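Inspection log for the structure reproduced underneath, given as structure tokens.
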Amino acid sequence: MLKGERECFAKLSNINPNENIAWFHCASLGEFEQGRPLIEEVKKQFQNYKILLSFYSPSGYEQIKNTPLADWVVYLPNDTKRNAKKFVDLVNPDLVFFVKYEFWYNYISALKRRRLFQVSLILRNNQYFFTWYGKWFSKQLKHFEHFFVQNKETESLLNTIGYSNVTISGDTRFDRVMTIANNAKRFPDIEEFCNGEEKIILAGSSWLPDEKIIAQATKGMNIKLIIAPHVIAQSHINEIQELFPNSILYSELSQNTKQSNVLIINCIGILSNLYQYCDIAYIGGGFGVGIHNTLEAATFGKPICFGTNYHKFQEAVDLINLKAAYSICDANELKNILSTLLIDNEIYNRACNSAKKYVEDKTGACEKIISHLKSN
């Protein structure tokens with residue numbers, strides 16, 4: 001990251017200051033996935049613009065640095081007055097989008113009188129903007145042309161500190177997952193694995209605590225299981241293979257003719273497309289860092305299970321309220337929920353329909369943002 005920050009200005013020095021540039025800043029990979037549909041739409045609607053994409057975290061930059069979506073991908077240097085002025089002078093951006101909750105004081109100041117936006121913004125009342133000691137920073141928000149927020153609470157919070165230039169546009173991730181579902185890639189080897197009468201359970205972004213619970217819960221069940229772990233280091237793949245001794249690795253699937261009901265995905269980049277093949281999805285992280293992306297499964301209309309650490313994720317709370325998702329605390333509870341979903345068609349179909357409708361009803365954030373850009 002430090003090396004990338006040092007190289008940033010050298011990359012930017014090649015930019016023609018007369019270019020029309022749209023700059024998107026994302027903290028990490030998750031925020032990039034959130035901003036991606038908007039980047040795609042800006043490229044489509046403003047074809048004379050070039051795209052600059054910046055990251056704070058290596059987890060975003062290192063995976064996305066060669067994306068064809070952007071003309072330049074850089075680390076954003078530290079938020080000093082000197083760095084901010086130099087960066088903005090070199091880039092001379094016409095449009096600037098900070099994704100989700102990026103607030104860089106000196107960069108915001110350097111961008112005054114430019115078209116600066118927050119997109120998919122979500123705020124909580126305990127953040128410093130809404131405290132007596134955060135008033136100095138809240139005044140800096142006057143440099144944003146518009147705030148495109150995820151929910152009513154964020155709109156109300158911004159109103160309390162004097163900002164009415166707010167639109168509840170929703171979360172651009174819904175647009176992203178809908179695009180993935182509508183253009184889902186096919187995987188013939190996995191389709192062949194899924195052939196048969198057994199129902200398919202897919203564990204996405206799982207961690208070892210998830211996998212231990214899944215192993216206990218599915219023991220003796222007549223199902224097929226696909227495990228796509230969050231970490232694919234060989235040491236972790238070995239741990240999964242110990243839990244499921246007769247499993248097959250995806251990298252060996254085409255050559256492996258032995259029968260197995262457990263497939264381990266030992267590569268990255270395909271999980272979001274795999275939910276099309278399952279009957280029930282299990283999303284990992286709920287017994288540690290917090291659950292991962294539930295929307296990728298919901299957009300395919302799949303019932304979802306996950307652990308207990310989900311309360312900070314609004315879509316997970318919403319899906320539970322809609323009976324499209326279920327939180328479990330141990331293997332027995334997971335086994336009972338899986339059994340119910342696999343046996344009771346009415347409960348299963350209601351969960352499927354509720355999940356899919358939830359995503360469909362919340363798409364359209366990019367359209368609202370583009371409409372604002374064109375009309376102002």
Considering only segment 237-318, give the strands (runs of 3 or more DSSP E) lying wholly within it that have at least 1 residues that are touching a residue at least 24 places away in the same chain (Cβ under 8 Å) and among the aromatic types (Phe, Trp, Tyr). 280-283, 304-306
Could you tell me whether any residue of segment 61-70 is crowded, with 16+ Cβ neighbours inside 10 Å, modelled with pLDDT of 95 or more and outside any loop (DSSP other than H, G, I, E, B)? no
Given the criterion modelled with pLDDT under 95 and either among the aromatic types (Phe, Trp, Tyr) or within 26 Å of Glu197 (Cβ to Cβ) (or both), identify the matching residue among Gly269, Gly220. Gly220
On the given criteria, is Glu7 surrounded by 15 or more Cβ atoms within 10 Å (Cβ to Cβ), assigned by TED's automatic domain parsing to the domain that holds Phe98 and not in a strand (DSSP E or B)? no
Among the residues of segment 54-65, is there at least one that is closer than 30 Å to Ser375 by Cα and in contact with a Ser or Thr (Cβ under 9 Å, 6 or more places away or on another chain)? yes
Taking segment 10-45 and keeping residues among the hydrophobic types (A, V, I, L, M, F, W, C), surrounded by fewer than 22 Cβ atoms within 10 Å (Cβ to Cβ) and touching a residue at least 60 places away in the same chain (Cβ under 8 Å) leaves Leu12, Ile15, Ile21, Ala27
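Can you confirm whether segment 216-229 contains a residue that is of a type in the set (Ser, Thr, Tyr) and surrounded by fewer than 20 Cβ atoms within 10 Å (Cβ to Cβ)?
Scanning segment 216-229 turns up no residue that is of a type in the set (Ser, Thr, Tyr) and surrounded by fewer than 20 Cβ atoms within 10 Å (Cβ to Cβ).
Would you mind stating whether Thr154 is more than 20 Å from the chain's Cα centre (by Cα), assigned by TED's automatic domain parsing to the domain that holds Phe24 and more than 30 Å from Asn266 (Cβ to Cβ)?
no
The values are calculated or read from the model by the stated rules, or taken from the named source; none is laboratory data. Here the structure is a predicted model, which means the values were calculated and not measured. Ideal geometry is used to build each Cβ from the backbone, glycine not excepted, and the neighbour counts take in all protein chains shown.
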